[in-house]
Amino acid sequence: MNPDNKPFFKWFGYSRRERRSTFILFVILMIVIAIRYLAPPKDIEIEDLSGLLASADSGRGSYTDIRPESSRLFHFDPNSAPYDTLTALGLSGKQASTLISYRKKGGRFYKPSDIKKIYGLDEPTADRLIPYIRIEKDTGRVAYFQARIIGDQKKPERIDLNRCDSAVLDRLPGLGPVLSSRIIKYRKLLGGYASVKQLKEVYGLKEATYDLLTEKVFADSSLITLININYADFKELSKHPYLDRYEIQAILKYKELKGPITNIFELVDNKVLTADKAKKISPYLKF
């Protein structure tokens, strides 16, 4: 120790042991002060959430109040739209099932406002969907409707493209055994017809022949063989004529990176499929 400091400690009367004890107490005091200012206060203010909960309860009354914000609107035909398409548009599962049940019982939609006839479909939801309804022209249904007006109760015979065989098709105007066989082969390739318009994709079928057939045939889309896209491999997906090799590889890579696909819009949003391709393939997929 510096000898010059001895008078200083001697003036205070500190011994060596007392100096050591004082230093230890000083260190402890500094630690206590540091804890006091650095530790979080015990009295943490709790935010009053009663107002927030009350507003949430007041908006809970109608499912349709929040459903449109989580769904995306697009054009659809209520006479053929499958269950997944209807729920993607914002309908609840019960509403979609009721609409499909209405169709299966013979109910048809001739104009967009007819959707209001569906039991359980509230008016705000119907008004929101009406601008996006595109009803496929079906002269066979128009003919039937007109026949009933004039008193003819006999429904014109129409052939289901998803149930008939080539022999039945061969009897239709404009078709022979070759075209009839091609229609059946293309049906197997597709997994079923979702729309009569798909007859235009059959090789060798002319526009004039198609115009004749629209009055004689229809397509029951409920008979389509669906592909579970979350379980299908490259071989299964490659069998469908609407998907090319690059699109299939993109789908499989997306599933590998992101996991299960929830709906067709997910593939469009992430640029896996174009909007046009998604519209064509969506009737054949389930998620």
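The values are calculated or read from the model by the stated rules, or taken from the named source; none is laboratory data. A quick note: this is a predicted structure, and the numbers were derived from the prediction, not measured. Here Cβ is always computed from backbone atoms with ideal geometry, including for glycine, and neighbour counts include all displayed protein chains.
Screening segment 64-84 for residues that are among the polar types (S, T, N, Q) and at pLDDT 85 or above and picking the one that is nearest to Ile130 (Cα to Cα) gives Asn79. Of Ser282, Ser221, all but one fail to be touching a Ser or Thr at 6+ places or on another chain (Cβ under 6 Å) and touching a residue at least 24 places away in the same chain (Cβ under 8 Å); the exception is Ser221.
Going by the structure shown, is Gly204 over 33 Å from the mean Cα position of the chain (by Cα) and modelled with pLDDT of 90 or more? Please lay out each step first, then the result.
Working: over 33 Å from the mean Cα position of the chain (by Cα): yes; modelled with pLDDT of 90 or more: yes.
Against the criterion (over 33 Å from the mean Cα position of the chain (by Cα) and modelled with pLDDT of 90 or more), Gly204 qualifies.
I'd like to check something: does segment 167-182 contain any residue that is more than 25 Å from Lys279 (Cβ to Cβ) and of a type in the set (S, T, N, Q)? Yes, segment 167-182 contains a residue that is more than 25 Å from Lys279 (Cβ to Cβ) and of a type in the set (S, T, N, Q).
If you go through segment 170-183 and pick out every residue that is crowded, with 17+ Cβ neighbours inside 10 Å and in a helix (DSSP H, G or I), you end up with 4.
I'd like to know if segment 194-204 contains one or more residues that are loosely packed, with under 13 Cβ neighbours inside 10 Å and either more than 25 Å from Arg158 (Cβ to Cβ) or among the small types (Gly, Ala, Ser) (or both). Looking through segment 194-204, at least one residue is loosely packed, with under 13 Cβ neighbours inside 10 Å and either more than 25 Å from Arg158 (Cβ to Cβ) or among the small types (Gly, Ala, Ser) (or both). Before we move on, is Leu226 over 29 Å from Val178 (Cβ atoms) and either within 20 Å of the chain's Cα centre (by Cα) or touching a residue at least 60 places away in the same chain (Cβ under 8 Å) (or both)? Here the answer is yes, as Leu226 does meet what is asked.
A search for C-beta distances below 9 Å between a residue of segment 249-270 that is outside any helix (DSSP H, G or I) and surrounded by 13 or more Cβ atoms within 10 Å (Cβ to Cβ) and any residue that is among the aromatic types (Phe, Trp, Tyr) and at pLDDT 90 or above, counting only pairs 6+ apart in sequence or on different chains, returns Ile261/Tyr254; Asn270/Tyr254.
Only residues that are assigned to a helix (DSSP H, G or I), modelled with pLDDT of 55 or more and not aliphatic (A, V, I, L, M) were counted in segment 146-169, giving 1.
Residue-wise test of (1) surrounded by fewer than 16 Cβ atoms within 10 Å (Cβ to Cβ); (2) assigned by TED's automatic domain parsing to the domain that holds Asn79; (3) more than 28 Å from Arg103 (Cα to Cα); (4) aromatic (Phe, Trp, Tyr).
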| position | (1), (2), (3), (4) |
| --- | --- |
| Leu212 | yes, no, no, no |
| Ala219 | no, no, no, no |
| Leu237 | no, no, yes, no |
| Asp244 | yes, no, yes, no |
